[in-house]
Amino acid sequence: MSGEILLLSGPNLNLLGERSPEIYGASSLEEHVGRFRELASAAGYSVRDLQSNFEGDLIEAVHGARGRSVAIVINAGALTHSSWALCDALATFEGVKIEVHLSNPAAREPFRHVSTLAGVVNGSIAGFGALSYDLAFDAVRRVLEAS
Ligand code: DQA
């Protein structure tokens, strides 16, 4: 299989490695993206990645993926719990969509228990630390190859 996967990272994820390492681990975002890219390229996919602290940048990246990318993997950070605009944007994307989190939001503060994205993605992977990104790639690949 081939095609482009868009890997999106939301607010504060640029601080991974420094920010609450006891929750999010010691790896930087660059390390997570690099590992994801390696897995994808070994399977024949290319990866475009974007991290932004601005909701509108993420929405525009989703628009740009329409008709172009075969899948979107998104860790929207705290926008997961508040952004109906990102939910609406993702609903317009016709490819495979996977929500990913390093921590398990369901086991944390109540405000993290809601995901505005959960209803418009194929599925969510959360709570496995760095492994969440490996599992997200595996999910994308298997859904694409089954379709
Ligand atoms: C996160 C979980 C969110 O609740 C939080 O706001 C983040 C990171 C995760 O990967 O575990 O920024 O998306």
task = Please give the FRET efficiency for ALA130 paired with MET1, using the beta carbon to beta carbon distance and R0 = 35 Å, rounded to the nearest 0.05.
result = 0.90
message = Can you classify the range 1-107 as rounded, prolate or oblate using the Cα gyration tensor, where a ≥ b ≥ c are the square roots of its eigenvalues, rounded means a/c under 1.5, and otherwise it's prolate if a/b beats b/c and oblate if not?
response = oblate
inquiry  = Please compute the modelled spin-label separation between ALA106 and GLU145, points set 7 Å along Cα→Cβ, answer in nm with one decimal.
reply    = 2.7 nm
key: Spin-label model distance (nm) - GLU60 vs SER41, 7 Å beyond Cα toward Cβ   = 2.7 nm
note = Expected unfolding gain across ASP88-LEU15 under the 0.36 nm per residue rule, minus the alpha-carbon gap, is 23.6 nm
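Values in this text are rule-based calculations from the coordinates and carry no lab data. For clarity, every value in this text was computed on a predicted model and none was experimentally measured. Methodologically, a virtual Cβ is constructed for each residue, glycine included, from the backbone with ideal geometry; neighbour enumeration extends over all protein chains shown.
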